Amino acid sequence: MNVPSNLQDIVAEANSAANRACLAFLSKYYGGVDRGPCGFAWVFIYDDENKKIRKNSRLGKALASLGITQGGEGVHNVINPGPSHLVQNVDALLAGAKAYAEVFDRHGFNAFARSRLD
C-alpha cells in the first residue's frame, strides 16, 4: 500500500471523530461525567490487503512520524485514540476507537477497535 498523500489529514480526522464519539457516549450515558467501568481501547491498523504494515516500509515510517507505531504484536496501533482529556470509561473509549477505525477504513486501510477492562 502506498502512503496516502493526505495521511496527516486522515489521522487528524480520525482523532477528531474519536474525540467526538467518546464525548458523545459520556454525554448520553453519564451526563458528560467520566464514570462507569474503567479500561482501555485501541485500534489495530492494517494495510488495504489486511496485512501488517512493515515498520521499515514507507507507510510504516509515515505512520510512525504521526505517532502510530507498532505494538508488541507487530501491528500498528493507537491506544485510547481521540480523547482530548483523560477518560477512563472503557465503553466511551471503545466508542472513540470504533470511530477512529471507521475513518481509517474509509480511506482504504483495515482497522479494528478492541478494548479491555482495567
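The values are calculated or read from the model by the stated rules, or taken from the named source; none is laboratory data. Worth saying up front: this structure is predicted, and the values here are computed from it rather than measured. Backbone-built Cβ (ideal geometry, glycine too); neighbour counts: all protein chains shown. Keep in mind that these areas ignore ligands, DNA and RNA; they rest on the heavy atoms of the full protein, side chains included. Shrake-Rupley method; radii C 1.70, N 1.55, O 1.52, S 1.80 Å.
Quick check on my filter: what residues within the range 81-104 are modelled with pLDDT under 95 and over 15 Å from R35 (Cβ atoms)?
P81, G82, S84
Only residues that are in contact (Cβ under 8 Å) with a residue 24 or more places away in the chain and not in a helix (DSSP H, G or I): list them for the range 12-35, please.
Scanning the range 12-35 gives D34, R35.
What residue, of K28, K51, is among the basic types (K, R), more than 27 Å from G108 (Cβ to Cβ) and open to solvent by 50 Å² or more (accessible area, probe 1.4 Å)?
K28
Search the range 55-75 for residues being in a helix (DSSP H, G or I) and either open to solvent by 60 Å² or more (accessible area, probe 1.4 Å) or at pLDDT below 95 (or both), and hand back the single one that is nearest to S5 (Cα to Cα).
R58
Is it fair to say F40 is surrounded by fewer than 17 Cβ atoms within 10 Å (Cβ to Cβ) and among the aromatic types (F, W, Y)?
Yes: the conditions hold for F40.
Please enumerate the residues belonging to the range 36-54 that are of a type outside the set (A, V, I, L, M), touching a His at 6+ places or on another chain (Cβ under 9 Å) and not in a strand (DSSP E or B).
Hit for the range 36-54 is K52, nothing else.
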